[in-house]
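For reference, the structure discussed in these notes is given below.
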Amino acid sequence: AFDRETADLVADAFEVDGRRLTAKTFVIATGSRPGVPKIPGLDATPYLTNETLFDLREPVPSLIVVGAGPAGSATAHRLASAGRDVLLLEKASFPRDKVCGDGLTPRAVAALEELKIDLSAAHRIDGLRMIAGKKVRELAWPTTDRFPNHGAVWPRSRFDTHLIDVAAEAGAEVR
């Protein structure tokens, strides 16, 4: 597991728990929107995020992905499936539960389907139910050309673990 308290960026490498990890490119994947972790030396080093990585004109042969949440694990899976040498680092222990929830929107379902992630462990939901006092309102997900008309519920602890497993099965090394 990666722990920002025991990791330092030194020249072209991460030093994690006394071990030097090198890569030509590091990918920062800290959540649904890229955030830059407070790692000493990172601000002076070129890096990519899960949003900028796939804009490269030339594929990068080996990468370190920092963060094994859904964005990082999906990125590691996609890269390893394409034959890249990937090291996926995570500071937390798994399984973990997160307050940000178990719900997957139709956009998230579409992204997972594009990656060919098996969604059979998730519970399909066709809409949302809102309750305010005694008032209940049910809304169906809209039908569009871009996304399916359903979402899903997948307990976050099992969802994150599944995505890490899929990345590892694709060839990513996970620490």
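The values are calculated or read from the model by the stated rules, or taken from the named source; none is laboratory data. Just so we're clear, the structure is a prediction, and the values are computed from it rather than from any experiment. Quick reminder, even Gly has a Cβ in these numbers, built from the backbone with ideal geometry, and neighbours come from all protein chains shown. Please note that ligands, DNA and RNA were not included when accessible areas were found on the heavy atoms of the full protein model with its side chains. Shrake-Rupley method; radii C 1.70, N 1.55, O 1.52, S 1.80 Å.
Tabulated results
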quantity: Residue match in segment 38-46 (condition: among the hydrophobic types (A, V, I, L, M, F, W, C), buried (at least 17 other Cβ atoms within 10 Å of the Cβ), modelled with pLDDT of 65 or more and over 20 Å from VAL174 (Cα atoms)); calculated: yes
quantity: Hits in segment 103-117 - residues which are touching a residue at least 40 places away in the same chain (Cβ under 8 Å) and closer than 16 Å to ILE164 by Cα; calculated: LEU115, ILE117
quantity: Test set (1) surrounded by fewer than 21 Cβ atoms within 10 Å (Cβ to Cβ); (2) modelled with pLDDT of 75 or more; (3) under 16 Å from ALA172 (Cα atoms) - LEU21 fails condition number; calculated: (2)
quantity: Top-ranked residue of segment 68-84 - restricted to ones that are hydrophobic (A, V, I, L, M, F, W, C) and not in a helix (DSSP H, G or I), ranked as farthest from SER157 (Cα to Cα); calculated: ALA82
quantity: Hits in segment 143-172 (condition: touching a helix residue (DSSP H, G or I) at 6+ places or on another chain (Cβ under 9 Å) and open to solvent by 80 Å² or more (accessible area, probe 1.4 Å)); calculated: ARG146, GLU169
quantity: One residue from ARG96, ARG84 being at pLDDT below 90 and basic (Lys, Arg); calculated: ARG96
quantity: Every residue from segment 41-61 that is assigned to a strand (DSSP E or B) and among the hydrophobic types (A, V, I, L, M, F, W, C); calculated: LEU48
quantity: Hits in segment 85-118 (condition: part of a loop (DSSP other than H, G, I, E, B), at negative phi and open to solvent by less than 50 Å² (accessible area, probe 1.4 Å)); calculated: GLU90, ALA92, ARG96, LEU115, ILE117
